[in-house]
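Following: one structure in structure tokens, then a few remarks.
The values are calculated or read from the model by the stated rules, or taken from the named source; none is laboratory data. Note that this is a predicted model, so its numbers are computed, not measured. Methodologically, a virtual Cβ is constructed for each residue, glycine included, from the backbone with ideal geometry; neighbour enumeration extends over all protein chains shown. When the accessible area is computed, the model is the full protein with side chains, heavy atoms only, and any ligands, DNA or RNA have been set aside. Shrake-Rupley method; radii C 1.70, N 1.55, O 1.52, S 1.80 Å.
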Amino acid sequence: GALTGVFGNLSNIRAGLGMVRSAAQNLGKVFRFIGETIRRSFEIETIELQFATMLKSAEKASKRVKELMQFAIDTPFDVVGTVKAARTLQLFSGGVLATDSALRMLGDAASGTNQSLEDVAFWVGRTWQALEAGRPVGRAILRPQEMRIDYGKTQNALLDLAKGIGTT
């Protein structure tokens with residue numbers, strides 16, 4: 001009798017400890033989720049401030065960040081990579097290449113060659129800068145070719161854009 005009672009109590013204690021441990025693990029998940037949500041909120045606010053500076057308007061920045069977040073939802077790219085690519089295109093091209101259609105074109109090229117959207121945007125942006133400044137585009141054009149991007153269409157599109165705004 002007494003021995004059964006002791007082992008029964010130990011079994012109940014063990015079960016109770018298991019429930020406490022499970023509750024603590026779940027609580028840890030909740031705190032991690034809350035922390036991640038707060039971190040993402042600050043990250044988005046920082047991104048909006050950066051775009052507000054580039055676009056010279058908080059309203060335009062907020063709208064653009066929402067568009068980029070939707071782009072990331074609709075494509076295989078994450079928000080951070082999408083925002084970095086858009087920021088690069090904005091800075092390198094003065095906004096000419098920072099459009100959804102350009103981002104989609106570069107996203108297709110990145111996906112098709114297993115490259116990051118950020119890298120593709122960087123090199124296309126560099127090509128644009130060189131074209132706009134009338135400088136040689138050698139390295140800027142070679143790098144995407146090394147990345148296995150069919151750069152003929154992209155290069156033609158860039159040249160057409162450049163001609164359209166009178167830079168070539």
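Values computed for the structure shown
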item: Residues (farther than 26 Å from Lys66 by Cα and either among the aliphatic types (A, V, I, L, M) or touching a helix residue (DSSP H, G or I) at 6+ places or on another chain (Cβ under 8 Å) (or both)) located in segment 21-49; result: Ala23, Ala24, Leu27, Val30
item: Tally of residues being in contact (Cβ under 8 Å) with a residue 12 or more places away in the chain and more than 13 Å from Leu103 (Cα to Cα) across segment 32-78; result: 12
item: Residue within segment 52-63 that is over 30 Å from Glu146 (Cβ atoms), open to solvent by 70 Å² or more (accessible area, probe 1.4 Å) and not charged (D, E, K, R) present; result: yes
item: Segment 132-148, subset among the basic types (Lys, Arg) and assigned to a loop (DSSP other than H, G, I, E, B), residue most open to solvent (accessible area, probe 1.4 Å); result: Arg148
item: Filtered residues of segment 73-91 (kept if under 20 Å from Thr46 (Cα atoms) and open to solvent by 10 Å² or more (accessible area, probe 1.4 Å)); result: Ile73, Phe77, Asp78, Val79, Val80, Lys84, Arg87, Thr88, Gln90, Leu91
item: Near pairs, Cβ below 6 angstrom, 6+ apart or cross-chain, from segment 121-139 (more than 8 Å from Phe92 (Cβ to Cβ) and without any contact (Cβ under 8 Å) to a residue 12 or more places away in the chain) to any residue that is hydrophobic (A, V, I, L, M, F, W, C) and in a loop (DSSP other than H, G, I, E, B); result: Ala130/Val137
item: Single residue of Leu89, Leu68 found to be over 12 Å from the mean Cα position of the chain (by Cα), of a type in the set (A, V, I, L, M) and modelled with pLDDT of 90 or more; result: Leu89
item: Odd one out for Ile38 among (1) within 25 Å of Leu117 (Cβ to Cβ); (2) open to solvent by less than 100 Å² (accessible area, probe 1.4 Å); (3) at pLDDT below 80; result: (1)
item: Scope segment 98-131; condition open to solvent by less than 10 Å² (accessible area, probe 1.4 Å) and within 21 Å of Thr53 (Cβ to Cβ); matching residues; result: Leu103, Ala121, Gly125, Trp128
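Okay, residues lined up against (1) at positive phi; (2) of a type outside the set (D, E, K, R); (3) in a helix (DSSP H, G or I); (4) touching a strand residue (DSSP E or B) at 6+ places or on another chain (Cβ under 8 Å):
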position: Asn26; (1), (2), (3), (4): no, yes, yes, no
position: Arg39; (1), (2), (3), (4): no, no, yes, no
position: Thr46; (1), (2), (3), (4): no, yes, yes, no
position: Glu67; (1), (2), (3), (4): no, no, yes, no
position: Thr82; (1), (2), (3), (4): no, yes, yes, no
position: Phe92; (1), (2), (3), (4): no, yes, yes, no
position: Leu97; (1), (2), (3), (4): no, yes, no, no
